[in-house]
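Comments concern the structure below.
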């Protein structure tokens, strides 16, 4: 046997095997790029995804179709790699995604600069970390993988470590996103830890869109991409991604009975490991203990039109919306019967005082997760990984229906649920006391 021929054949076989493995997703993942053409993609530049989502189906279809000529001019498929010449529109998934794990491999040439848009929003930064101009202007020597378009001072704007491989070698991104919470690994090194991707199109006003497309940016130089895989996360997985570990938290509910709870105990029941308000009943079910500053985490499930609330620093008697620091609404806000709702009554709002952002619920009947941080007179509400309320109640001077809220300045009280006749369910209820500043 010709040994030289045999070795050469083996090399060819291994190369063919490796090539065949590219763009073949691992179990549980879907390939966004099939290695052959632009199926599943259209072209869009830096454009507010809300504007595109507001188009009619007919308008959106036309916009996507009209972009194909630009893709054909500036993008190509070369040996199973998606290649851009540095110009034109960005390759963009036809489908929008909410919570997911995303894998992407990319390779730059010298002076390369690009990025990955998540939910149609810039961006996970990719660039030549050795380029003198980029280092001088942008601190590119810190490396790729940061949320570059976040505001100055954001903890996620710069990567935690330099993890780039030398220019000309393939790099791998692993991105976990739940709501706006984003965790990024570059070449298996953690570079962003649960950072919030800010809404580039409306910074400090509106959270990142609930759903949006994945985009690969063009930025003046060739970039090669391959192995684009995505796996959508379950509600339970998304909660773990967004919230992180429960270190320091104490469980308030044993999953079996209402031991440790007081107030309207007779109006609530435990069903399948969840606390549920009995239909037609209500009142405040609250902890026996009191808290000052704290972080509370809870999962909840709403029936159609469901209404409940979180009692914050509740004194033990009365309507927590007024006598407690506040009631944070738990509500199926978009149900038709709430069409004339005051914005300060929407889900996550400090009832009657401060309005929360809308549109971040999961569909009715699915579990949502929520984190509430209470410090002094401030309250922050994070729903499914998106901050929907961040307010200081001491600065509130206007109230719904001009009704006073004498309890809003309370510094301590119980935590609980404010039932309003609907079978709203709660589970995984836990709390962490904070030291006052």
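No lab work stands behind these numbers, since they all come straight from the coordinates. On a predicted model such as this, the values are computed, not experimentally measured, just so you know. Here the Cβ is made from the backbone with ideal geometry for all residues, glycine too, and neighbour counts use every protein chain on show.
Can you grab the distance from the C-alpha centre of segment 147-224 to the C-alpha centre of segment 241-279, Å, no decimals?
Segment 147-224 and segment 241-279 have Cα centres spaced 36 Å from each other.
In degrees between 0 and 90, to the nearest 10, how far off the longest principal axis of the chain does helix 3-21 point, with axes built from Cα atoms?
Rounded to the nearest ten degrees, it is 30.
Going by the alpha-carbon gyration tensor, a ≥ b ≥ c the square roots of its eigenvalues, is segment 20-241 rounded (a/c under 1.5) or, if a/c is not under 1.5, prolate (a/b greater than b/c) versus oblate?
Rounded is the answer for segment 20-241, as its axis ratio a/c remains below 1.5.
I need to check one value: relative contact order of segment 92-240, counting alpha carbon pairs closer than 8 Å and at least 6 residues apart, in percent.
This gives 36 percent for segment 92-240.
Can you give me the Cα centroid spacing of segment 409-437 and segment 102-118 in angstrom?
Each part's Cα centre sits 43 Å from the other's.
According to a simple spin-label model (label point 7 Å from Cα along Cα-to-Cβ), what is the distance in nm between residue 66 and residue 411?
About 6.1 nm, to one decimal.
Can you tell me the orientation of helix 57-66 relative to the chain, as the angle in degrees between its alpha-carbon axis and the longest Cα principal axis, to the nearest 10?
20 degrees
Along the Cα-to-C-beta direction of residue 251, a point sits 7 Å from the Cα; which residues of segment 259-303 have their amide N less than 12 Å from that point?
Within reach of a label on residue 251, which here means backbone N under 12 Å from a point 7 Å along Cα→Cβ, segment 259-303 contributes 273-274.
Please work out whether segment 109-216 counts as rounded, prolate or oblate from its C-alpha gyration tensor, where a ≥ b ≥ c are the square roots of the eigenvalues and a/c under 1.5 means rounded, while otherwise a/b larger than b/c means prolate and anything else oblate?
prolate
Which residue fluctuates the most in the chain, going by a Gaussian network model with Cα springs under 10 Å, if the choices are 212, 352, 248?
248
Evaluate the relative contact order of segment 284-367 (contact order divided by residue number), counting alpha-carbon pairs under 8 angstrom at least 6 apart; express in whole percent.
Normalised by residue count, the contact order of segment 284-367 is 27 percent.
For a test of the definition: using alpha carbon positions, the gyration tensor, and the 1.5 limit on a/c, classify segment 245-434 as rounded, prolate or oblate.
Taking the square roots of the gyration eigenvalues as a ≥ b ≥ c, segment 245-434 is rounded.
Any chance you could list P(r) for the chain, counting all Cα-Cα pairs in 20 angstrom bins from zero, rounded to whole %?
Here the calculated profile for the chain is 24, 47, 25, 4, 0.
Given only helices, namely DSSP H runs of n ≥ 4 each adding -39500 (n - 2.57), what is the per-residue ellipticity at 222 nm of the chain, to the nearest 500 deg cm²/dmol?
-4000 deg cm²/dmol
Between residue 50 and residue 402, how many nm apart are label points set 7 Å from Cα along the C-beta direction?
A separation of 3.2 nm, rounded to one decimal place.
If the chain between residue 278 and residue 211 were fully stretched, how many nm would it gain, using 0.36 nm times the residue separation less the Cα-Cα distance?
20.8 nm
May I ask you to derive the relative contact order of the chain, considering only C-alpha pairs under 8 Å and at least 6 residues apart, and to give it as an integer percent?
16 percent
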